[in-house]
1. To the nearest 20 debye, what charge dipole does the stretch 1-51 have about its Cα centre, counting +1 at the Cβ of each Lys and Arg and -1 at the Cβ of each Asp and Glu?
2. Let me see the pair-distance distribution of the stretch 2-75: every alpha carbon pair, 5 Å bin width, integer percents in order.
3. What does the extension gain come out to for Val12 and Leu37, with contour length at 0.36 nm per residue minus their alpha carbon separation?
Amino acid sequence: MGVEREAPLLAVAGDVIEERGLTNVRLVQGDATATGLPRAAFDLVHERLLLMITPAVGRVLAEMIALARGAHRPRRRGAAPSRNAGHSRPAAPPDPGVADDPTSRTP
């Protein structure tokens, strides 16, 4: 599943998928802060470059966490892995220290 906001970039991704003969990839046009995808439905949620360029880091991360299922949800920095890592459990609320203001991020 790939999500892209811009139609031209979505078309490029579609071309790459077709060129490579990938049949198990679906693309949708949408916003990374509100994808409309089902919650807790994905084993892995990944972004490659978006967090470097978006002013809405906190909202993107919150959406990513909401999309990930159970034990695959990210842990807070420095937190020890759960002994129940193979079992689903509710995710922690988004970290209030993550701001949407890019000037508040530390390098």
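None of the figures in this text is laboratory data; all of them are computed from the coordinates on show. Here the structure is a predicted model, which means the values were calculated and not measured. Note: ideal-geometry Cβ built from the backbone for every residue, glycine included; neighbour counts use all protein chains shown.
1. Values: 5 positive and 8 negative charges, 35 e Å.
Here the stretch 1-51 has a charge dipole of around 160 debye.
2. 3, 15, 23, 24, 20, 11, 4, 0
3. 6.9 nm
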